[in-house]
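Values in this text are rule-based calculations from the coordinates and carry no lab data. None of these values were measured; they are calculated from a predicted model. All Cβ positions, glycine included, derive from the backbone under ideal geometry; neighbour counts span all protein chains shown.
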């Protein structure tokens, strides 16, 4: 609600006096031809899409956030008000409580032992509160046998007792071995009723029930829970007591819901209706037909921009910018003070001056888990939901004004006990889009509101579904209540379908032009140009986008793209050193995987320097680490003077004279514009800016599919650590980002509060930059003159390695400190750019050492400092004064003083190679040196092979030579392979994978393949023929790699026979309404799936490249090319494309 108004000039886009950037003419891939396209992911948008589809329309939904339900889940509007419309079927799905079983008869209980302090029985009611899906917060721990006495309050004829417990085998596990039940009417005479040791697994991870049939009438029950042998504790979750005639649980409608239930309900509804949708996607420009009429939209996402032809467009975004660009005329957004609303969940009410705080519904009791709270802080928070009204000044309706309002609201509403907060603010916007009808009347109800107020004046095929409708602001406020919005959305969806049915098929279309204000040359704007996968495409071709002007949204010294582990510190450092800094982050938190992603515990890492400052600051900020760390990053960026733009996605870069001079962004409302800068820091962890600019990068290739595993965390309030590793992800692919999140939600168990928005990737696209660090640089502890960080870790590989060093050497568990040169952050040629985090220039098998959070934090600080120093000195970031930078990093205690005297320790002296070759027979000692320079070591190896007297020494030299591509000792290797049976191989393992991912037999076979030994084919085929589905993935990988490298096409029939064996193939799947779940969202289940798929792909790829057999290799690859799991699809497509298929 507007409180005061200051008259003045209103700028709707761009900044005063700044000339826009002219982008050149481009062709955009056409991916959809539909009747209705819905822009926005609100509950109303989904309701409109469903009704349009129900009326027979082909519908596509493009949603800007990484989930659906932004108006509810994103704003924490999780309750229906009494005056909200509750008729929409989606509401029933969202607000119906999930119940695995009927509610228990009410009872009270007492235990004869005291629960452990680790998992207390808070209030003596936790075994009767109906909650038991999460062990950290919903269990009671006992470290011995325990007996309970239950009082039902009256004599009841009983039928069943069920104990819901948590179960994990192993010496650190928790097991309840048996449940024994007795009954009584008077507590004097007890009758044994039964016992059981049989456990039934539930959908939730590590949840089981033990059920005892009961008989007779009883008021009191005695329940004995027996501790399992070999474990030190049992975790009890819930007791259920049912009468002899147990009625089915009524469904009812709850008075509140959770963010995850909202998201899952909307997902499921669209899937069931067959409506295609893509999250993480904005609509940026309208498409017009030859008559100039609206005929679709351009969408933009991580894959680039694509075109969607549509007869009717529903703009369900909050600000309606697409509708404005399509001809809708908006009223002004006057400067003034406006009342925003922000919702937080905390143990205390925010009390900043000027806030008006109202406590909402419900209690959110949360145990602080994962990371212990700071000393003196509680480990339990009695959370409550607070609605905070804040009066904030707005200069105009620009992205910059909204970004500043967002940050001021967060400044005022954060409290140390914060458990959760809304992504975005709520505001009844003062402006609206003039409709074909206007109404200043109060809200008349969803059935009575005039739909012409939602259809912009002067347009035919456009609707707005938001507070931008031409309604009174009181009616607009009522419209934005979820039930009302869904009810109106259903009406609009039906009308849109009718309108589309009356419109003839669309012909050619073009992108609506925004002509340059004055003639000038187009700048080079780098952007991706990928289409969408088959399940999200129903047409092909392209749409021409003529040269157009992009508005300049802001100007600064340094723009930081991504505010995660590296980007957050980079913004702080740049701003502290005087650079005008803008930090852009797509989600509404800082810290990335360590905050939103809940990987809050450091595993390894050199915990010095800026990381030490972070750690101390987080402890002083709040109780829950995941909330406090994000807030510390945010507040320190603000304190240093950086601007923060949340909800902002990087979509392109401006390159002029070989340097980055601007970053193209998509704002939260879908505006596509430029932030001008003197230097950019790529904190995306995906080398996004470098790739957009055309710099050389690497990620998924056609060689083989090898990726570190990823997961997306189920979020419970109070938690700061949950580490998952269930699949693979192509982070460069918008469709895969959407699908991975969708499938993860689909697989998550009941009782989860929400899903992290960040997908926890451990390997992403990497720069091939000014210096490329290899695993051999790591194992040889190479030094450099431009060291900026000294990472410390072990080889936490989360999957299989590909470097030849690790086909022989076991990297083990030991930690090692290495030197990271500044040049790993620099592109080869492009100026004005630094890359941090997972995107730096290094081999994938070196990254496990380099990617630990403490080191990336220090690396980000170094990057931000370097950018600011370069700008202050008037030089490029490539030419920053390295010694001055290092001296500052020494002052910060990120580096030790001796780095000032470091020089490059490579090339190694000849004596090192001589010594290394001599030591190889001693368990391959010196292998890392030998493999560093084949030109110098191979002659020594060949001489040693000839001179070796011991057979075992000859074999080691033959093995290493073959791995380096030389077949001099092939006879020894072939004899060894023939003499050995298959040994214990390796199946894919993500979480907890450190050692070699091949067996010794695998290693010998791979070495024969790398040596291109034609003589080895027979031995390898004999091993191939012995394989079946019971063997490990590494064996399949070894024979496939070897035979493919040798290139003998006579191997194809054997590979075809192997692929056809039962259980070896058939693991791809197509997009479907009922998605295959990852059972229990378990790391182990994810490992099994990946082993099966990798095994099948390895054999199919080799078979295809060796000429195929009965078309089975190509058939398998094509099935994976159409798989919605993008990493598999990308790899399969690359293999097929390389062959011209």
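If you take the beta carbon distance between residue 893 and residue 372 as r and set R0 to 25 Å, what does 1/(1 + (r/R0)^6) give as a FRET efficiency, to the nearest 0.05? If you can, show how the numbers build up before the last one.
Details: r = 25 Å, r/R0 = 1.00.
Given R0 = 25 Å and the Cβ-Cβ separation, E is 0.50.
Region 794-857 and region 296-363 have their alpha-carbon centroids 39 Å apart. Once the chain from residue 1030 to residue 915 is taken as fully extended at 0.36 nm per residue, the excess over their C-alpha distance is 37.1 nm. So, in Å, what gap is there between the alpha-carbon centers of region 153-219 and region 918-980? Cα centroid of region 153-219 versus Cα centroid of region 918-980: 63 Å apart. At an R0 of 51 angstrom, the distance between the Cβ atoms of residue 129 and residue 436 translates into a FRET efficiency of 0.45. Working from label points 7 Å from Cα in the Cα-to-Cβ sense, the residue 814 to residue 1022 distance is 3.8 nm.
In this simple spin-label approximation, residue 935 and residue 615 carry label points 7 Å from Cα along the Cα→Cβ vector, and these lie 4.4 nm apart.
If R0 equals 30 Å, the separation of the Cβ atoms of residue 513 and residue 448 corresponds to a calculated FRET efficiency of about 0.15. Estimated at 0.36 nm per residue, the fully extended path between residue 356 and residue 108 surpasses their Cα-Cα distance by 85.3 nm.
Highest mean first, the peptides 406-419, 977-990 sorted by other C-beta atoms within 10 Å per residue fall in the order 406-419, 977-990. Model label sites at residue 87 and residue 978, defined 7 Å from Cα along the beta-carbon direction, differ in position by 8.3 nm. The listed peptides 526-539, 555-568, 453-466, ordered by packing as a protection proxy, come out as 555-568, 453-466, 526-539 (highest mean of other Cβ atoms within 10 Å first).
Oblate is the label for region 924-1035, because the ratio a/c of its alpha-carbon gyration tensor axes (a ≥ b ≥ c) is 1.5 or higher and a/b is not greater than b/c. Considering only the chain, what is the antiparallel percent among its DSSP beta bridges, to the nearest 5? Around 75 percent antiparallel, to the nearest 5.
Maximal additional length on extending the residue 118-residue 472 stretch stands at 122.0 nm, based on 0.36 nm per residue less the C-alpha distance.
Is region 974-1117 best put as rounded, prolate or oblate by its Cα gyration tensor, with a ≥ b ≥ c the root eigenvalues, rounded for a/c under 1.5, and otherwise prolate when a/b is larger than b/c, oblate when not? The shape class here is oblate. Protection proxy ranking, highest mean first, for peptides 420-429, 894-903, 494-503, 725-734: 725-734, 420-429, 494-503, 894-903, where packing is the per-residue count of other beta-carbon atoms within 10 Å, averaged. Is region 125-193 best put as rounded, prolate or oblate by its Cα gyration tensor, with a ≥ b ≥ c the root eigenvalues, rounded for a/c under 1.5, and otherwise prolate when a/b is larger than b/c, oblate when not? The shape class here is prolate.
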